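Peer 1: My questions will all concern the structure given below.
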Amino acid sequence: MRIVAFPSAYLPDLGTSRNFLQAFLQKVKSDLEQRASLSAPGGQKPAVSNPAVGSASASTTSFPSPGTTVKAVLLEEKTKKGGWKARHLDSRREGPIVNTKEVPGDKQPGEEVELIVASAGDSLSFRWPTEEEKQRAQKAQDKTKKGPGHQPKGGRR
């Protein structure tokens, strides 16, 4: 998390403003540390990231983005329609495998597998990596590598 703070034009002087901001930032820090130590709903521990102060971003392995291939474990619990569910190993988040018919019949609960993240929002869903899915995932990863605003060599004409 990053917080940007500026001195207030409404406080008497820069020293007063600086003291206020330091006290405020300390309060925010202690509040966030307390919240991070609480258990998530359902009894699961939240994923904890402790990036270096001032780092560009938090851990990206905790919350995978759609199209990425991740390690997961197959769960014994099935969906309402009898489909497979899996748990992402890094974030411990669970979700259904949406193309569950593609999961080979010899797979067992508790088995560690590689899956493709189908969606990641409030909930997580996965896709079994068929050859078509692997190509789709590779295209999605190539797009994210190029970044926003990517243009082919030569620019616009």
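Peer 1: Please state which one of D122, D106, D90 is over 30 Å from I3 (Cβ atoms) and either in a loop (DSSP other than H, G, I, E, B) or modelled with pLDDT under 90 (or both).
Peer 2: D106
Peer 1: Considering G110, G105, which residue is in contact (Cβ under 8 Å) with a residue 12 or more places away in the chain and surrounded by fewer than 17 Cβ atoms within 10 Å (Cβ to Cβ)?
Peer 2: G110
Peer 1: Right, L115: surrounded by 14 or more Cβ atoms within 10 Å (Cβ to Cβ), more than 19 Å from the chain's Cα centre (by Cα) and modelled with pLDDT of 90 or more or not?
Peer 2: So L115 does not fit the description; no.
Peer 1: Do we find that A47 is out of contact with any Lys or Arg (no Cβ under 9 Å at 6 or more places or on another chain) and modelled with pLDDT under 85 in this structure?
Peer 2: For A47, the condition - out of contact with any Lys or Arg (no Cβ under 9 Å at 6 or more places or on another chain) and modelled with pLDDT under 85 - is not met.
Peer 1: Let me ask something else about it. For the stretch 1-22, give me each residue that is loosely packed, with under 12 Cβ neighbours inside 10 Å and small (G, A, S).
Peer 2: A9, G15
Peer 1: Can you tell me which residue within the stretch 63-81, out of those that are open to solvent by 40 Å² or more (accessible area, probe 1.4 Å) and assigned to a strand (DSSP E or B), is farthest from T130 (Cα to Cα)?
Peer 2: Selected residue: K71.
The values are calculated or read from the model by the stated rules, or taken from the named source; none is laboratory data. The structure presented is a predicted model; accordingly, all values stated were derived computationally and were not measured. A quick note on method: Cβ atoms are made from the backbone with ideal geometry, for glycine too, and the neighbour counts reach across all protein chains shown. For the accessible areas, the whole protein counts, side chains as well, though only heavy atoms, and no ligand, DNA or RNA atoms are used. Shrake-Rupley method; radii C 1.70, N 1.55, O 1.52, S 1.80 Å.
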